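Worksheet for the structure shown next.
The values are calculated or read from the model by the stated rules, or taken from the named source; none is laboratory data. This one's a predicted model, so the numbers in the text were calculated from it and none came from an experiment. Positions of Cβ are backbone-derived with ideal geometry, glycine not excepted, and every protein chain shown enters the neighbour counts.
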Amino acid sequence: MAAPILALKDVTLTLKGNAGAVEILHGVSLDVQRGETLGLVGPSGSGKSSLLMLMGGLERATSGTVMAMGQDLTAMNEDQLARFRRQHMGVVFQSFHLIPTMTALENVATPLELAGAPDAFERAEEELRAVGLATRMDHYPGQMSGGEQQRVALARAAAPRPDTLLADEPTGNLDGANGAAIMDLLFGLRDRHGATLVLVTHAPELAARCDRIVGLLDGRVDRARKAAE
Amino acid sequence: MSVAVAARIARRELRGGLSGFRVFLACLALGVAAIAAVGSVRESIQDGLRRNGAVLLGGDAQMSFTYRSADAAERAWMAGIATRVSETVDFRSMAVVERDGVAERALTEVKAVDGLYPLYGAVELEPALPLDAALTGDGAVMARVLADRLGLSVGDGFRLGEKAFTLRAILIRAPDDAAGGFGLGPPTILRRAALEGAGLLAPGTLFDTDYRLALPAGADLAALEAEATRRFRDSGMRWRDSRNAAPGMTMFVERVGAFLVLVGLAGLAVGGVGVSAAVRAYLDGKTAVIATLKTLGAEGRTIFMAYLMQIGVLAALGIGLGLVLGGAVPLLLAPLIEAQLPVPADIRFHPGPLAEAALYGALTALLFTLWPLARTAEVRAAALFRDASGPVRAMPGPRVLAALVALAALLVGAAAVLSGVPDLALWAAAGILGALLLLVAAARAVRWLARRGARAKALRGHSALRLALGAVGGPGGEATSVVLSLGLGLSVLAAVGQINANMQAAIAEELPGVAPSYFIVDIQPDQLPGYLARVERDPGVHKVQTAPMLRGVITRINGRPAREVAGDHWVLNGDRGVTSSDSAPEGTVITQGAWWPEGYDGPPVMSFADEEAREMGLKLGDAVTVNILGRDITATITSFRVVDFSTAGIGFVLSMNPGALQGAPHTAISTIYADAAAEAPLLRDLAAAYPNITAIRVRDAIDRVSEVLRGLAAAVTYGAMATLVTGLFVLIGAAAAGERARVFEAAVLKTVGAVRGQVLAYFALRSAILGAAAGLVAVFAGGLAGWAVMTFVMEADYTFEPVSALLIVSGGVLATLLAGLGFALRPLAARPARVLRARE
Ligand SMILES: Nc1ncnc2c1ncn2[C@@H]1O[C@H](COP(=O)(O)OP(=O)(O)OP(=O)(O)O)[C@@H](O)[C@H]1O
Ligand SMILES: [Mg+2]
């Protein structure tokens, strides 16, 4: 088997909150293979989002290593991480996180532009058309529905053609119909670009569409669940 | 009933604390404090002037005559009402020091006093001797600048006219310094008796005689003034008393104070922008609360009231803070301020100016918060389920608009009435309003341009710049409030800079081009031929003008008292220079009528200055009665002519045929236009030949004027700085308010692959664009104000002054950059995961 695209080894994460330091992940080891769709499930507070953030280099592991495409994310500084994401990672959040002062088109074009793509806007337009928002390009996030905003966020994550898509409950803030549409788009994107997808979800029917499911429980990989696979 | 409900809602909401209102409070407090402080200092100075009136004047009352001493009737009347009468003679002369055959000359304002001077207060000398001791025999004292200029030390001799004097002491301060007003030269004090034989006070010489009166306790000054005026005004008597001892100074303090208050109002307007932005932001954050209250059945009115009450409480707090600050700072700095002032001031607590400042503060707060408050009524319950930043009406509704107009009118009206300079206040209000409108338009234009720019194909790929433009042009009120507040602050500064530079240029550069080198006064008629021979022979002199001069008071017009006909025109106040000429002097422009024929010897005729005649409502054929040295001369107006007072040449309102003034003692004045190199030798010769004449170097006088102007400009600049500081508060407030949004943006940008340098460049550009926009608009507005003032008030040319403009634009950029980047540190440092997680 080829080298995994994401490889986490003995990762722990300690966050300092108001009530002192809390260890959230206690030695998680996990591999994700290229082209694979991995579902991350587990009860609320089990550490799914935290793990996803670590994979995207948005959070820094307290100990252990996070390897992505053979590179050690834990050894990179902030800017190196940003450049790495620019080329290899697309992230989609539950609450969209569009920049409110930018139009849909500008939001989508931004990562391309940051990467220095000369045709950032053309590609962004294409991407928005692909998610069915050809008529909403010049709208600000405040002028769009939640479903539309999430589609913009999807287009933004997919535009740079990342090797890996990280999605954290992308349908959590949407109703059933909208959520289903988003999921179809997400899986469509994965299929079209052959991207690896890591999807955090609570919905069993979504988890069922994944190649593999990893359960988390209290900051650890849920062995019982893994065994049940 | 709904009031009680609103009050309860307001109280609950206020429990949240004041943290969101720091900028609101700072803006209001600062604006109110500045106005209160200026007002307090002004009031203290005026109070000091009032209470020390008798000392400042040198008597309880003063009667002055130009050109002459009091006559027997006047002396008798003064002796009748006063317990003591002190006589002083004021004139200008040249102090001369001869050293190794070289003569140093300097213009001085001589005060020749009697033994009673000063009636009140004491003259301060160095060394500290009594004035009497210093002035015995040929003793004299003079100001330090004069002694220094002449290289004199105590004990040295100098000459005035043909008489030698000894400098016995340096004059540090005379009690009546401030009452004298603007002098052309530093003062010298000596005994009236010592002037005998100096040849300085020949008939026709320009001098003033002042009689300071010590009055019995409880004398009715108003009644005495009325009486004296009735009896002696037509013979040129001028009255002054301790109620307003130093009218020039009082007026000056009043004007400067009023002007600073107006600048303070501009500051308050800047603060208003901040207040408005703060309230808007606060209410935006309350959309959900308001929508919920509506869902629960609250009426728009109740909600409006609830928030009006909150803002009212906060405004009261801000104003209170401002009053404490504005009242206390002058008190704390009292020793410092008092030492800086040329007049006695006792800085104390004055409720009047504080009330004035509070009124301005309250009106401003209401003016700038009413519209955002009114919008609370428009929030629909549905806002709960949609984004709050939906479409907002661009204009307030008619009722709100009417209220806003009424409030603005009230504010402007209050400023016009309370400042005491209604014209200036109205102009300033128009200027501030104009600048605000201009800035609103500019802010819109900037946002539109930024939006266009962000979409421009040419900018694609320059991500930081495009992001910045997109942010400036995008939704959210930051651009508008920064351009407005900073722009208004900078506009005031730019206007001051432009006006000052142009005034300085007009006075220091343009005027000397057209102005004479010297003004020579007190040339005796028999000296005139010799004088002219010397001057005209000099190759360095390109023009010399002479004119006989007398002084007279216009008493009647067409047989009726002049004031009844022409009102309180300045030409009627005191005596005016009167000249005569057989034929129209070269270059005279007659606007109506004709000059009298050469050698005319009929009944008296006169030519009157055109502009003044129009203001006074005079027409050809009117008979004007002028009292010259006690003699009434009635002359018929046969022509009007242009008289230009702005070039410092010879300018007389009245010119008569020579025959009409026959026999009246007079002297000649003369202007000499000469090359700079010829000036000194010419003056040396003239002064040696005619020691009685006084030469006023126009350059020196111009320097004095521009010095005073510079001081004024400095004072106003400090005022403008206060405005700018308020602008900076607003700026910092906007930056602080935007910090949360910046943190979020930075996190998202990093997530999609932005390195910190790119994020920083974006933030910096975003700030700089706003700063540059504010600066550019300010320079434009300042230039416009400068042009208007120069063109319509000063009637002079306007040229754009680039240095201060450049400073202002770069200052604007720097300020926004500092404020913006100061609040960029947290966003840059924040880890994306933490930020975005908190937002899930
Ligand atoms: N800044 C923080 N400081 C301390 N503890 C935190 C912080 N952020 C999150 N946590 C804790 O870390 C744990 C894991 O959080 P995480 O968001 O990864 O869970 P999750 O599995 O994504 O839950 P959910 O399904 O509700 O999204 C939770 O118990 C949470 O309370
Ligand atoms: Mg989560």
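Would you kindly identify the strands (runs of 3 or more DSSP E) lying entirely within the stretch A:1-109 that contain at least 2 residues that are more than 10 Å from chain B (Cβ to nearest Cβ) and away from ligand 2 (no atom under 16 Å from the Cβ)?
Ranges flagged: A:6-17, A:20-32, A:63-68.
Got a sec? Which of A:MET55, A:MET69, A:MET102 is at pLDDT 90 or above, more than 16 Å from ligand 1 (Cβ to nearest atom) and touching a helix residue (DSSP H, G or I) at 6+ places or on another chain (Cβ under 9 Å)? So that I can check it myself, show each step before the final result.
Numbers: A:MET55 fails: more than 16 Å from ligand 1 (Cβ to nearest atom); A:MET102 fails: at pLDDT 90 or above.
Just one listed residue meets the conditions, A:MET69.
Count, please, the residues in the stretch A:154-163 that happen to be more than 10 Å from every other protein chain (Cβ to nearest Cβ) and buried (at least 23 other Cβ atoms within 10 Å of the Cβ).
Within the stretch A:154-163, residues that are more than 10 Å from every other protein chain (Cβ to nearest Cβ) and buried (at least 23 other Cβ atoms within 10 Å of the Cβ) number 3.
Residues in the stretch A:114-159 that are in contact (Cβ under 8 Å) with a residue 12 or more places away in the chain, among the charged types (D, E, K, R) and in a helix (DSSP H, G or I): how many?
Residues flagged as in contact (Cβ under 8 Å) with a residue 12 or more places away in the chain, among the charged types (D, E, K, R) and in a helix (DSSP H, G or I) within the stretch A:114-159 amount to 7.
Residues are listed down the side, and each one gets a yes or a no for (1) out of contact with any Ser or Thr (no Cβ under 9 Å at 6 or more places or on another chain); (2) hydroxyl-bearing (Ser, Thr, Tyr); (3) buried (at least 21 other Cβ atoms within 10 Å of the Cβ):
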site	(1), (2), (3)
B:ALA7	yes, no, no
B:ARG22	yes, no, no
B:LEU30	no, no, yes
B:ALA33	yes, no, yes
B:GLN46	no, no, no
B:TYR67	no, yes, yes
B:VAL85	yes, no, no
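Hey, which of the helices (runs of 4 or more DSSP H) in the stretch B:782-840, taking only ones fully inside, have at least 3 residues that are more than 14 Å from chain A (Cβ to nearest Cβ) and within 30 Å of A:SER95 (Cβ to Cβ)?
B:802-822
Those residues that are in a helix (DSSP H, G or I) and within 12 Å of another protein chain (Cβ to nearest Cβ), I need them from the stretch B:751-766; list them, please. If you could, list the steps in order and put the result at the bottom.
Quick first cut of the stretch B:751-766, residues in a helix (DSSP H, G or I) only: B:751, B:756-766.
Once the filter is applied, which keeps residues that are in a helix (DSSP H, G or I) and within 12 Å of another protein chain (Cβ to nearest Cβ), the stretch B:751-766 yields B:THR751, B:ARG756, B:GLY757, B:GLN758, B:VAL759, B:LEU760, B:ALA761, B:TYR762, B:ARG766.
Can you give me the ranges of the helices (runs of 4 or more DSSP H) entirely in the stretch B:1-99 with at least 1 residues that are of a type in the set (Asp, Glu) and farther than 30 Å from B:ASP700 by Cβ?
By residue number, B:2-14, B:22-51, B:72-81.
Determine which member of the set B:VAL777, B:VAL748, B:VAL725 is out of contact with any Cys (no Cβ under 8 Å at 6 or more places or on another chain) and within 14 Å of chain A (Cβ to nearest Cβ).
B:VAL748
Against the condition without any contact (Cβ under 8 Å) to a residue 24 or more places away in the chain and not charged (D, E, K, R), how does A:ALA180 come out, does it pass?
Spelling it out, A:ALA180 is indeed without any contact (Cβ under 8 Å) to a residue 24 or more places away in the chain and not charged (D, E, K, R).
Within the stretch B:336-346, can one find any residue that is under 29 Å from the mean Cα position of the chain (by Cα), surrounded by fewer than 21 Cβ atoms within 10 Å (Cβ to Cβ) and within 23 Å of B:ALA428 (Cα to Cα)?
No, every residue in the stretch B:336-346 fails to be under 29 Å from the mean Cα position of the chain (by Cα), surrounded by fewer than 21 Cβ atoms within 10 Å (Cβ to Cβ) and within 23 Å of B:ALA428 (Cα to Cα).
Of everything in the stretch A:134-151 that's surrounded by 22 or more Cβ atoms within 10 Å (Cβ to Cβ) and away from chain B (no Cβ under 12 Å), which residue is farthest from ligand 1 (Cβ to nearest atom)?
A:ARG151
Considering B:ALA441, B:ALA458, B:ALA454, which residue is more than 14 Å from every other protein chain (Cβ to nearest Cβ), in a helix (DSSP H, G or I), out of contact with any strand residue (DSSP E or B) (no Cβ under 9 Å at 6 or more places or on another chain) and not hydroxyl-bearing (Ser, Thr, Tyr)?
B:ALA441
What number of residues within the stretch B:735-745 are away from every other protein chain (no Cβ under 11 Å) and either within 23 Å of A:LEU166 (Cα to Cα) or in contact with a strand residue (DSSP E or B) (Cβ under 7 Å, 6 or more places away or on another chain) (or both)?
Result for the stretch B:735-745: 1.
Take the residues in the stretch A:110-129 that are more than 13 Å from A:VAL152 (Cα to Cα) and buried (at least 24 other Cβ atoms within 10 Å of the Cβ); name whichever of them is farthest from the other protein chains (Cβ to nearest Cβ).
Per the criteria, the residue is A:LEU112.
Identify all residues within the stretch A:190-207 that are in contact (Cβ under 8 Å) with a residue 40 or more places away in the chain and not charged (D, E, K, R); write none if there are none.
A:GLY194, A:ALA195, A:THR196, A:LEU197, A:VAL198, A:LEU199, A:VAL200, A:THR201, A:HIS202, A:LEU206, A:ALA207
Do the conditions hold for B:GLY659, that is, is it part of a loop (DSSP other than H, G, I, E, B) and closer than 21 Å to B:SER580 by Cβ?
Working: part of a loop (DSSP other than H, G, I, E, B): no; closer than 21 Å to B:SER580 by Cβ: yes.
Spelling it out, it is not the case that B:GLY659 is part of a loop (DSSP other than H, G, I, E, B) and closer than 21 Å to B:SER580 by Cβ.
So for the stretch B:492-504 (the condition being in a helix (DSSP H, G or I), surrounded by fewer than 19 Cβ atoms within 10 Å (Cβ to Cβ) and more than 14 Å from chain A (Cβ to nearest Cβ)), does at least one residue qualify?
Within the stretch B:492-504, one or more residues are in a helix (DSSP H, G or I), surrounded by fewer than 19 Cβ atoms within 10 Å (Cβ to Cβ) and more than 14 Å from chain A (Cβ to nearest Cβ).
For the stretch B:134-149, what are the residues that are in contact with a Leu (Cβ under 9 Å, 6 or more places away or on another chain) and surrounded by fewer than 21 Cβ atoms within 10 Å (Cβ to Cβ)?
So in the stretch B:134-149, the residues in contact with a Leu (Cβ under 9 Å, 6 or more places away or on another chain) come out as B:134-135, B:138-144, B:146-147.
Result: B:ASP138, B:GLY139, B:ARG144.
Among the residues of the stretch B:539-591, write down those that are touching a helix residue (DSSP H, G or I) at 6+ places or on another chain (Cβ under 7 Å), aliphatic (A, V, I, L, M) and surrounded by fewer than 16 Cβ atoms within 10 Å (Cβ to Cβ).
Selection gives nothing.
For residues that are within 16 Å of ligand 1 (Cβ to nearest atom) and in contact (Cβ under 8 Å) with a residue 12 or more places away in the chain, scanning just the stretch B:792-830, find the one that is nearest to the chain's Cα centre (by Cα).
Among those residues, the one meeting the criterion is B:ARG826.
Condition (residue is within 13 Å of ligand 1 (Cβ to nearest atom) and either more than 29 Å from A:THR14 (Cβ to Cβ) or modelled with pLDDT of 90 or more (or both)) applied to the stretch A:187-194: is it met by at least one residue?
no
Which residue is farthest from ligand 2 (Cβ to nearest atom), if the candidates are limited to the stretch A:167-178 and must be modelled with pLDDT of 85 or more and outside any loop (DSSP other than H, G, I, E, B)?
Across the stretch A:167-178, the extreme among qualifying residues is A:ALA167.
Among the residues of the stretch B:290-316, which ones are surrounded by 18 or more Cβ atoms within 10 Å (Cβ to Cβ) and of a type in the set (Val, Ile, Thr)?
Passing the criteria: B:ILE290, B:THR302, B:ILE303, B:ILE311.
In this structure, does B:GLY155 turn out to be in contact (Cβ under 8 Å) with a residue 24 or more places away in the chain and assigned to a loop (DSSP other than H, G, I, E, B)?
Working: in contact (Cβ under 8 Å) with a residue 24 or more places away in the chain: no; assigned to a loop (DSSP other than H, G, I, E, B): yes.
For B:GLY155, the condition - in contact (Cβ under 8 Å) with a residue 24 or more places away in the chain and assigned to a loop (DSSP other than H, G, I, E, B) - is not met.
Determine if the stretch A:75-89 includes at least one residue that is within 12 Å of ligand 1 (Cβ to nearest atom) and modelled with pLDDT under 90.
Checked the stretch A:75-89: no residue is within 12 Å of ligand 1 (Cβ to nearest atom) and modelled with pLDDT under 90.
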